[in-house]
Amino acid sequence: MRIQPLIYVLLWLLIMAACTPSPSNYNANNHQGKNNPMDVKKGDTGVLFESFFPGSIEISIGAIGDLLIHNRVYEDAATEDGYDFTPMFEPVTSYLQGPTITIANQETVIGGEDIGLSSYPRFNSPYALADAIQQSGVDLVTMANNHILDRGETAIQNAIRYYEKIGMEYTGSFKSREDRNQIRVIETDEGISVAFLSYTYGTNGIPTPAGKDYLVNRMDWEQIKQDVQKAEKLADVTVLSYHFGSEYERFASSEQKQLAQYAANMGVEVVIGHHPHVLQPLEWLEGKDGNQTLVAYSLGNFLSGQNTLYRRIGGMLQFSIEKDLQDQHVKVHSPAFLPTFVDYQIKNGRMTGFKVLPLHKVSESQLSHVNKHQNEIKEHLSRRLSELQFLDKE
Ligand SMILES: [Zn+2]
């Protein structure tokens, strides 16, 4: 086929327009410094036509579990003039920076040093943690956790002020009613928008300050429904985070399954869970309209000072979102998982040298029977999701 010059110019203008980044309705700089390959899927109508008119566009999302910063972790991050957590994430930084958007569950509130750092049972973490996870590739944190009210409203407002200062997206806990009413939607440069919601089962018995329900999203089924309906209108895809389940249980409870099914029935595309501090098997749930929802009931701990085997194994879930440019249909596919391991040494009775390592790069001296554990974890995660791929091929 020979293309006339005028048609060629028109086609060129069209593709330039299609490649112009769409404006973000929340934060235009949300993935600066990240790899954002525009993955254009080709049709079957000829090479030139395909490159001008891609059939679909695609992005990927990464999600990690709990960042539960005990005193032994932040003391290990101490420097002469503050804290530096970046070395702890360094071995997994390339994985966190890979997806178009990466989210994390910030279990401990980052209220900063001014109000005094603290550990279990009422946590408060240093601001440098927010810097480190952002530099490592995290774009958004979920804040609706059972520890969110540990240090009161002051710690929450401090954390949000700091997130705003550095340009970190957050959801699940808000500074005001107006802030809460704004559903978090990240508009990617590729042209797919993703809404993020986050809820917790409770706050360890600490009541929400009177009249300030916006400080934490609780498991209010009616509220969740209203938020999902809003999110579905605003974005192509909704990723809903639940802080739920029983601590240290390796399988989802009936309550977790009910809440995940509730989300599936409303058309939520992805459910991300945390709180059990250990990994639980993933699965697809079918919603009432025959839609498919990817569910990770618990992503375990990503970084914590907990010291039993399964509480040291966490990971990053990754999946792709593909949008058909003809009918605007959006599909979640290719779930994959990177199992990770929190390594540390004991020196003079203290835990030091905390690092998050890809499990497949852990040596026998760091974890005895590592191959056996790796295989068991892979089998555990994929027992209800046989298509699950693992990011351990190097
Ligand atoms: Zn929790």
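Quick grid of which residues meet (1) within 16 Å of the ligand (Cβ to nearest atom); (2) surrounded by 24 or more Cβ atoms within 10 Å (Cβ to Cβ); (3) at negative phi; (4) not hydrophobic (A, V, I, L, M, F, W, C):
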site	(1), (2), (3), (4)
Glu153	no, no, yes, yes
Asn158	no, no, yes, yes
Arg161	no, no, yes, yes
Arg177	no, no, yes, yes
Val185	no, no, yes, no
Ala195	no, yes, yes, no
Thr200	yes, yes, yes, yes
Gly205	yes, no, no, yes
Thr208	no, no, yes, yes
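Which one is nearest to Arg218 (Cα to Cα) among residues in the stretch 135-146 that are in contact with a strand residue (DSSP E or B) (Cβ under 9 Å, 6 or more places away or on another chain) and more than 16 Å from the ligand (Cβ to nearest atom)?
Taking the candidates together, the pick is Leu140.
Within the set of pairs 6+ apart or on separate chains, which have a first residue in the stretch 193-210 that is more than 19 Å from His274 (Cβ to Cβ), a second that is surrounded by fewer than 19 Cβ atoms within 10 Å (Cβ to Cβ) and modelled with pLDDT of 95 or more, and C-beta atoms under 6 Å apart?
Pro209/Glu153
Going through the stretch 237-288 one residue at a time, which ones are of a type in the set (Phe, Trp, Tyr) and on the phi > 0 side of the Ramachandran plot?
Initial filter on the stretch 237-288 (of a type in the set (Phe, Trp, Tyr)): 242, 244, 248, 251, 262, 284.
Passing the criteria: only Tyr248.
Look through the stretch 249-271, keep the residues that are out of contact with any Gly (no Cβ under 9 Å at 6 or more places or on another chain) and closer than 20 Å to Gln229 by Cα, and return whichever of them is nearest to the ligand (Cβ to nearest atom).
Val271
Just give me the residues in the stretch 211-248 being within 16 Å of the ligand (Cβ to nearest atom) and part of a strand (DSSP E or B), in sequence order.
Our first condition is that a residue be within 16 Å of the ligand (Cβ to nearest atom); within the stretch 211-248, this holds for 216-219, 241-248.
Hits for the stretch 211-248 are Arg218, Ser241, Tyr242, His243.
Is at least one residue of the stretch 340-351 outside any helix (DSSP H, G or I), out of contact with any Lys or Arg (no Cβ under 8 Å at 6 or more places or on another chain), within 21 Å of Ile61 (Cα to Cα) and modelled with pLDDT of 95 or more?
Yes, that holds for at least one residue.
Looking at Ile156, Ile224, which one is among the hydrophobic types (A, V, I, L, M, F, W, C) and under 19 Å from the mean Cα position of the chain (by Cα)? Can you show your working first?
Details: Ile156 fails: under 19 Å from the mean Cα position of the chain (by Cα).
Going through Ile156, Ile224 in turn, just one is among the hydrophobic types (A, V, I, L, M, F, W, C) and under 19 Å from the mean Cα position of the chain (by Cα): Ile224.
Just checking, which of Gly172, Gly167, Gly98, Gly112 is in contact (Cβ under 8 Å) with a residue 40 or more places away in the chain and in contact with a Gly (Cβ under 9 Å, 6 or more places away or on another chain)?
The conditions single out Gly98.
Given (1) under 17 Å from the mean Cα position of the chain (by Cα); (2) buried (at least 19 other Cβ atoms within 10 Å of the Cβ), where does Ser334 come up short, assuming only one miss?
Among (1) under 17 Å from the mean Cα position of the chain (by Cα); (2) buried (at least 19 other Cβ atoms within 10 Å of the Cβ), the lone unmet condition for Ser334 is (2).
The values are calculated or read from the model by the stated rules, or taken from the named source; none is laboratory data. All values derive from a computational prediction rather than experimental measurement. Cβ coordinates were reconstructed from backbone atoms using ideal geometry, including for glycine residues, and neighbour counts include every protein chain displayed.
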